[in-house]
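Student: Quick one: the structure is below, and I'll ask about it shortly.
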Amino acid sequence: MHRDDLLNGLDSAGGNDAAFELIKQIPDQKLQFGGSMIISPDGEIAVEAGRAETILHSEIDISLNDEAKTALDTDGHYSRADVFGLKVNTEPKPGVIWGKRSED
Amino acid sequence: MSATIRAAIVQAAPIPICIDKGIEQVVDLTAKAAADGARVIAFGETFLGGYPIWLDEAPDAALWDHPGSKALHGLLMEQAIVENDFRLGHLQDLVDKHDLVVSIGAHERIRSSLYNNQMIFRAGAKPLNHRKLVPTHGERLVWNRGDGSTLNVHQAEWGNVGNLICWEHWMPLARAAMHNLQEAVHVSAWPTVRETLCNCITSLCF
């Protein structure tokens, strides 16, 4: 992505002068470079995009996920649940909860 | 027994800020990737709306009450994806038609705050949200933090698909949580991939 893309997007969205001035503080050059890659289950890079705009395709053999766990399954046979634990709180946190006192 | 999935990553310049136009671009690129055989298709971090790179590159972006930053924030609020966003109907139709799994980042608005959401579109169901748990450094000027309710995977028939966003890959416990969710395919969403990140991402395979 080049700074010109930002200026064009801003124009399409109806940006004001202040927004344009801030964006123009950014160097007039390419700002993002891609570098996408598709990685196989064994950790090897299957395909790399480099810097050009492209759609990068690859087949992934997901059955290799099982073979890749031979020596290392960080969530299973290479973990120690009796030593280390992880607790994930999946409760939504809306911040404010409305209700009657009887519903506490 | 082999089980092969056709995957694609769309590496393209987004249309920054103007999400209305960005959605058209995403529909076109998704259709193109699907026509070439892809069934799992990934786009980068906040592809819809573009990565707010002025936070890194414009020296005055963090100044108090800066009119340019406020104007950009206002535009993102106006353009951001909202829950059940009707503008995403064409993308959902495409996903339904070809039975795709599409991971795409977007600026999302909930009430009056913005979030960095890497959504997973899947056939016949609402998109699965994953809101970035900790916006990195200057990103905190734009995005609120997601809660733990969106740390999840899409359960496709052939395996689980999940995603993490950018520096969430530097959170060892977020990685551990994703390992526990048993992903068959992990989408690692970044605004741009530098060489130093390569080890971080390839090692997630294990």
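Computed from the coordinates by the stated procedures, all read-outs in this text should not be read as laboratory data. Everything quoted here is computed from the prediction, not taken from an experiment. Counting neighbours? That spans all protein chains shown, and the Cβs are built from the backbone with ideal geometry, glycine included.
Student: What list of ³J(HN,Hα) couplings, whole Hz, do you get for region B:102-115 from phi and the Karplus terms 6.51, -1.76, 1.60, once you set θ to phi - 60° and write x for glycine and proline?
Tutor: So the Karplus estimates, Gly and Pro as x, are 10, 9, 9, x, 8, 6, 10, 10, 10, 6, 10, 10, 9, 10 Hz.
Student: Could you check the spin-label model distance between B:THR196 and B:ALA3? Points 7 Å from the Cα along Cα→Cβ, value in nm.
Tutor: Distance between the two pseudo-spin positions: 3.7 nm.
Student: Using amide H atoms built in the peptide plane, which far-off residues or other-chain residues are under 5 Å from B:ILE110 H to H?
Tutor: Under 5 Å from the amide H of B:ILE110 lie the amide H atoms of B:TYR115, each far enough along the sequence or on another chain.
Student: What fraction of the DSSP beta bridges in the protein assembly as shown is antiparallel, stated in percent and rounded to the nearest 5?
Tutor: Here the antiparallel bridges make up roughly 65 percent for the protein assembly as shown.
Student: Which chymotrypsin sites (Phe, Trp or Tyr not before Pro) in region A:22-104 pass both tests, a DSSP loop state and at most 10 other beta-carbon atoms within 10 Å? Could the numbers behind the result be given before it?
Tutor: Numbers: sites: A:PHE33, A:TYR78, A:PHE84, A:TRP98; in loops: A:PHE33, A:TYR78, A:PHE84, A:TRP98.
Loop-located and lightly packed - A:PHE84, A:TRP98.
Student: Spin-label point model (7 Å from Cα, Cβ direction): what's the B:ALA35 to B:ALA62 distance in nm?
Tutor: About 4.5 nm separates the two model spin labels.
Student: Further question: Tell me the mean residue ellipticity at 222 nm calculated for chain B from its helices only (DSSP H runs of n ≥ 4, each -39500 (n - 2.57), averaged over every residue, nearest 500).
Tutor: -8500 deg cm²/dmol
Student: With springs only between Cα atoms under 10 Å, which of B:GLU78, B:GLU24, B:GLU57 fluctuates most in a Gaussian network model of chain B?
Tutor: Taking springs between Cα atoms under 10 Å, the residue moving most is B:GLU57.
Student: Could you check which residue among B:ASN117, B:ASN160, B:ASN129 shows the biggest mean-square fluctuation in a GNM of chain B with a 10 Å Cα cutoff?
Tutor: Among B:ASN117, B:ASN160, B:ASN129, the largest mean-square fluctuation in the Gaussian network model of chain B belongs to B:ASN160.
Student: Shifting gears a bit: Ignoring everything except DSSP H segments at least 4 long, calculate the 222 nm mean residue ellipticity for chain A; use -39,500 (n - 2.57) per segment, divide by total residues, nearest 500.
Tutor: -5500 deg cm²/dmol
Student: Also: Please list, in chain and number order, the residues 5+ apart from A:HIS2 or on another chain whose amide H is under 5 Å from its amide H, with Hs placed from the backbone.
Tutor: A:LEU31
Student: Please report how far the C-alpha centroid of region B:127-194 lies from that of region A:38-102, rounded to the nearest whole angstrom.
Tutor: 8 Å
Student: Using a Gaussian network model on chain A with a 10 Å cutoff between Cα atoms, which of A:SER63, A:SER36, A:SER12 fluctuates the most?
Tutor: Evaluated over chain A, the most mobile residue of the options is A:SER12.
Student: Residues with amide H under 5 Å of B:LEU100's amide H, sequence separation 5 or more or different chain, H placed in the peptide plane at 1.01 Å from N; which?
Tutor: Placed amide hydrogens put B:ALA123 under 5 Å from B:LEU100.
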